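Only one structure is covered here, and it is reproduced in the block below.
Just so it is clear, none of the values below were taken in a lab; they were calculated from the coordinates. None of these values were measured; they are calculated from a predicted model. As a convention, Cβ positions derive from the backbone with ideal geometry for all residues, glycine included, and neighbour counts pool all protein chains shown.
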Amino acid sequence: MEWFVPIILTVITASTPLLLAATGELVAEKSGVLNLGVEGMMLVGAIAGFAATASSGSAILGILAAVVAGVLMSLIFAFLTLTLMANQVATGLALTIFGVGFSALIGSGFVGFPIQPLPGLSIPFVSGIPVIGPIVFGQDFLVYLSIAGVIGVSWFLTRTRAGLILKAVGDSHSSAHAIGYSVIRIRYMATLFGGAMAGLGGAYLSLAYTPMWAENMTAGRGWIALALVVFATWRPGRLLLGAYMFGCISVLQLHAQSAGVHIPSQFMSMLPYLATVIVLVIISSDRAKIRLNAPACIGQAFRPAQ
Amino acid sequence: MLIRLEPRRQHSQAMVYLSPVLAIILTLMAGMVIFSIMGKDPLRALHTFFILPVNNIYGITELFVKATPLVIIAIGLAMGFRANVWNIGAEGQLTMGAIFGGGLALLFHDSTSVFLLPAMLVMGALGGAFWAAIPAWLRTRFNANEILTSLMLTYVGVLVLSYLVHGPWRSPDGFNFPESRPFPAAALLPVIYDGTRVHLGSLIALLAVVGGWILLSKSVIGFQLRVVGKAPQAARHVGFRQKRMVWFTLLLSGGLAGLAGLFEVAGPIGQLQPQISPGYGFTAIIVAFLGRLHPVGILFGGLIMALTYLGGELAQIMMGLPNAVTGLFQGILLFFLLACDVLTKYRVRFGSAAPKGRAA
C-alpha cells in the first residue's frame, strides 16, 4: 500500500488548483456571468502570491496577495461587462491576454527565485499514521480550503436564501430585478468571488504545486477549470469528481514516464487537453441536461429598465 | 450611481470610427503611467516603442512582415465573431497549417518544381481548416462549446509540432537541435523587396482584405453573417441555418490561419521549429476587434498591433524592458476598446438624476 501514497499525494496537488478556480467560476456562472478570464486571473494570482511570499517570507501574506490580485482582476471584468455592458466573451479573452502579459512582466524579476513550499498540516501522531496520515492529515491549508469551498458553495447554493437569489439572478435577471433584487450588485459579488478563487488556484500552483514562478505556468488550467464547470453541469459536488479525474490524468503522464512507458512525452502532455475535449463532448451532447442545469441568462448583459 | 448609460436610438456612426482611436490614445496614456512606475522615462519609452521601429525603410517592411499573419488570421476570425462563433484556437490552426504545408516541403526537400510552393499553400490552408473542422463538428454534432475545444486543440497542435521537430522531422544534420532541415529554395516564398524579409504573403494578405470586404458586403453569406450576429432569432425565422454558419466561419478562419502559419515557415523562418509564432493567433483576436470586425479596419489594426511587436523587441534591446510589456499593452488596448465600444451604443451621463420630460 505504501507505494500508493505518493501517487495519491500528487493527484491531490494536481487537482487542487483546478478545483479552487472551477468553484469560483461556478458561482460566477450561476449568477449569469461567464468569465473566460480564469486563466489570466490564475496567472496574476500565481505571481502575486509568489512575489509576496518571496519578498516577505510569509506564505499567509502570499495567499492574501493572490486573493486580492484575483479580486482586482475580476473587478476589471465586472466593471467592463456589468457596468459598461461590454461583451462577456471578448472581455474574458482580454482579461486572459492581459493577465498573461501582466504576470510575465511582474514575474520577470522572480524567475528562478527559490521559496519554501507551503507547509503541510502536521498533527502529532495522527499525521504519522501510515497511508491515511499523510493523505488525510498531512495536506497544506489550501487543499482543505478547496474541499471546504466545494462543500460551502454547495450548501450556499441549495440551502441559503442568498444562494437561491443568486441562482434566480442567473436564471432570469428580469424577474429577479422585478422582484427588487439588485442584479448588478449580486453579479458583481459573484464575479469577485470567482476572481478570489481563481487567485487562490493560481497561488496554489506557484506556492505548493511547483514552488517557483515561470511564465504562463498555468498552462491552460484556467481553461480546463472552465470546462470542468460544464462537466459538472453547474453542480459543485460533481466539480470535485471532475477536478480529481483531471488530477489523475495529469499525474498519469508523470508516472507513465517514470514507469518506462515509451510514448513520446508530447503525447502524454496532450492528455489533459484531449480529455477536456472528450469530456465536453460527452456532457454537451446531452442537450436536455445542459438546458436543465445551465443558468438561463449566462453571458447576457443586463440593463435595468428606467 | 455615478455613471449612467442611456441607449442611443441609433448606433453613433462617429463613435464607430472614433472609439478605436480613443482606445489607442488611452492605451498610450496607460503606457506612460506603466513606464513611469517601472522607472523609465515615459516619453523615451513611447518613442522607442512606436516611432523608432518604423523610422527607416527596413523597419517599415518588418512591420508588413509582422502584420501579414495578423491581418490574414483576423479577417477569418472577424467573420466568425460577427456570427457569434468564437474561434479562439487560431494559434493551433496556424501551427497545423505550418505542419501540413511545411511537411510537404520536407517530403520534397530536393525538389525544384515550381508547383511545390502552390501545393504547400493549399496544404497549409487545408491543415488549418482541418484543425478548425474539429471544433465545428463537435459544436454542430455534439453541441460542444467551440471556445473551449478550439483552445484545447491549440495546446495539442503545438505539442504535435514539438513532437515532429524533436522526433521524426528533426534535421539529420542539425546537430541535434529540435528543428527540421531548411526548406528547399523552391519551397520559400519569394521576397518582394530586395534586401528585406517582406514576402509574397503580404500581397496575399491585401487580397484577403479585398476578398473579405467583398464577401461581407456583397455576398449572401456575408449578409447572413451580419444578421445572425445582430438578430439571431430573426435569422432563425428567416431560415438561415446556424450550423452552416458555424461550419463556414470555422473552416474559413481555420484555413486562413493555416495559410498564415505556412507563410511564417515558408517566409521569415524557412524551416519548422518548436516555436513558429509569438502568439499571432491570439493577437489576431485583438486585431479583429480593433478593426471593428471589418476587413479594412483589420488592415489598420494589424499594422498597429505589428508595431507593438517591433516596439517590444526594440524596447527590450535598447531599454532593457521585459518582452512581456508587449502582451500587457495588447491586453490593455483590448480593455479600452471594449470599454469605448459602449460609446457607440450608449450615451454616458454623469449623476443619478432620472431623464426628464421623456414620458413613455
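Projected onto their three principal axes, the Cα atoms of the protein assembly as shown cover extents of 77, 74, 56 Å, largest first. Using C-alpha pairs under 8 Å with a sequence gap of at least 6, the mean separation divided by the residue count of segment A:118-158 gives a relative contact order of 36 percent. Taking amide hydrogens as placed 1.01 Å from N in the peptide plane, the amide H of residue A:140 sits under 5 Å from those of A:121, each at least 5 positions away in sequence or on another chain.
Counting only other chain Cβ atoms within 10 Å of each residue's Cβ, the peptide A:78-84 averages 4. Derived scalar couplings between HN and Hα for segment A:181-197 equal 8, 8, 4, 5, 5, 5, 5, 4, 5, 5, 5, 5, 4, x, x, 4, 5 Hz in order, rounded to whole Hz, by the Karplus curve 6.51 cos²θ - 1.76 cosθ + 1.60 (θ = phi - 60°), x for Gly and Pro. Peptides B:179-191, B:110-122 ranked from most to least packed give B:179-191, B:110-122, packing being the mean of other C-beta atoms within 10 angstrom over each peptide's residues.
For segment B:171-238, the convex hull drawn through the C-alpha positions has a volume of 193 cubic angstrom per residue.
Of the listed pairs A:167/A:289; B:66/B:243; A:167/B:230, which have alpha-carbon separations greater than 26 Å here? Those over the limit are B:66/B:243; A:167/B:230. Over the residues of chain A, the helix contribution to mean residue ellipticity at 222 nm works out to -23000 deg cm²/dmol, using -39500 (n - 2.57) for each DSSP H run of at least 4.
Our coupling estimate for segment B:167-174, obtained by passing each phi through the Karplus curve with A = 6.51, B = -1.76, C = 1.60 and θ = phi - 60°, is x, x, 9, 5, 4, x, 10, x Hz, Gly and Pro reported as x. Distances over 32 Å make up what percent of all Cα-Cα pairs in chain B? For chain B, the share of Cα pairs beyond 32 Å comes to 37 percent.
Cα-based radius of gyration for segment B:1-121, normalised by 2.2 N^0.38 Å, reads 1.60. May I ask you to work out the translational diffusion coefficient for segment B:6-63 at 37 °C, viscosity 0.692 mPa s, via Stokes-Einstein with Rh from the Kirkwood sum over Cα pairs, reported in whole µm²/s? It comes out at roughly 237 µm²/s.
Within 10 Å of the Cβ of each residue in A:265-276, the mean number of Cβ atoms contributed by other protein chains is 5.
Overall form of segment A:53-148: prolate. Here a/c, set by the Cα gyration tensor axes a ≥ b ≥ c, is 1.5 or more, and a/b is the larger of a/b and b/c.
Straight-distance candidates among the aspartates and glutamates for linking to residue B:40, with alpha-carbon spacing under 17 Å and chain neighbours fewer than 8 residues away dropped: B:313. Using only helices, what value at 222 nm comes out for chain B when you add -39,500 (n - 2.57) per DSSP H run of length 4 or more and divide by the total residues, to the nearest 500 deg cm²/dmol? One gets -22500 deg cm²/dmol as the mean residue ellipticity at 222 nm.
Among B:131, B:213, B:86, the largest mean-square fluctuation in a Gaussian network model of chain B (Cα springs under 10 Å) belongs to B:213.
Whole-percent P(r), segment B:45-86, all Cα pairs, 5 Å bins from 0: 6, 20, 17, 15, 13, 11, 11, 7, 0. Protection proxy ranking of A:24-37, B:253-266, A:258-271, B:300-313, by the mean of other Cβ atoms within 10 Å over each peptide's residues and highest first, is B:253-266, A:24-37, B:300-313, A:258-271. Just so you know, the Rg over Rh for segment B:260-320 is 1.04, from Cα atoms, with Rh as the Kirkwood radius.
With contacts taken as Cα pairs under 8 Å and at least 6 residues apart, chain A reaches a relative contact order of 36 percent.
Computed on segment A:23-72, the Cα convex hull volume stands at 64 Å³ per residue.
Considering all different alpha carbon pairs of segment A:153-291, the Kirkwood hydrodynamic radius works out to 17.5 Å. With 16 Å as the cut-off, how large is the P(r) tail for segment A:116-213, expressed as percent of Cα-Cα pairs? Value for segment A:116-213 (Cα pairs over 16 Å): 68 percent. Taking a quarter of the surface of the Cα convex hull of segment A:1-127 gives a mean projected area of 10.3 nm². Under 4 °C and 1.567 mPa s, how fast does segment B:189-290 diffuse according to Stokes-Einstein, given a Kirkwood radius computed over C-alpha pairs? Answer in µm²/s, whole number. Stokes-Einstein gives a translational diffusion coefficient of 81 µm²/s. For helix B:220-230, what angle does its Cα long axis make with the longest principal axis of chain B, in degrees from 0 to 90 and rounded to 10? The angle comes out near 50 degrees. Using C-alpha pairs below 8 Å separated by at least 6 residues, the relative contact order for segment B:121-178 is 17 percent. Whole-Å semi-axes of segment A:103-163's equivalent ellipsoid, largest first, each the root of 5 times a Cα gyration tensor eigenvalue? They are 29, 26, 7 Å, listed from largest to smallest.
Seen against the Cα atoms of chain A and their longest principal axis, helix A:88-107 is set at about 40 degrees.
Put simply, the Cα atoms of segment A:228-302 extend 52, 24, 21 Å along their principal axes, the longest span coming first.
With N counted as the residues of chain A, its alpha-carbon radius of gyration over 2.2 N^0.38 Å works out to 1.00. Taking the 0 to 90 degree range and rounding to the nearest ten, how far is the long axis of helix B:57-82 tilted relative to the main principal axis of chain B, both from C-alpha atoms? Relative to chain B, helix B:57-82 is tipped by roughly 60 degrees.
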